[in-house]
Amino acid sequence: MDLDMSGPDTVGRPADYRLEIGELAIDGFEADPAAIGQAIRRELARLLADPRGPFGTLPQQSRSHVIRHVDIDARGLAADASPREIGQAAARAVVSRITAAAPGRRGGAR
């Protein structure tokens, strides 16, 4: 799954993000995996574009991070959770993991 985003940052410079998810394994849920993938894309796009979120301002220099594995906290999700709920939880976990790995970023996703 690839997600490319462009848009202005808070000072009008173009902000570009490229997020590649090499493999997406979703176990323990009854929802359609393709629908979950779409929900993850939508939520990642929303989180990355939020000017109040952790990517609202650009870092001083370009950065690249490789994160090998992200687990979502599924304690609040039932086995029959909707694709939207699962996708939102997964996207938030990805953004939280990215912000934790990136020096100079503030906190995780809310």
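A few remarks follow.
- Checked across the stretch 3-22, the condition of being at pLDDT 65 or above and closer than 23 Å to residue 78 by Cβ holds for no residue.
- Filter result (charged (D, E, K, R) and at pLDDT 80 or above) within the stretch 27-49: 30, 32, 41, 42, 43, 46
- Of all residues making up the stretch 20-51, the number that are farther than 14 Å from residue 84 by Cα, surrounded by fewer than 18 Cβ atoms within 10 Å (Cβ to Cβ) and in contact with a helix residue (DSSP H, G or I) (Cβ under 8 Å, 6 or more places away or on another chain): 3
The values are calculated or read from the model by the stated rules, or taken from the named source; none is laboratory data. Everything quoted here is computed from the prediction, not taken from an experiment. Glycine also receives a Cβ, built like all others from the backbone with ideal geometry; neighbour counts cover every protein chain displayed.
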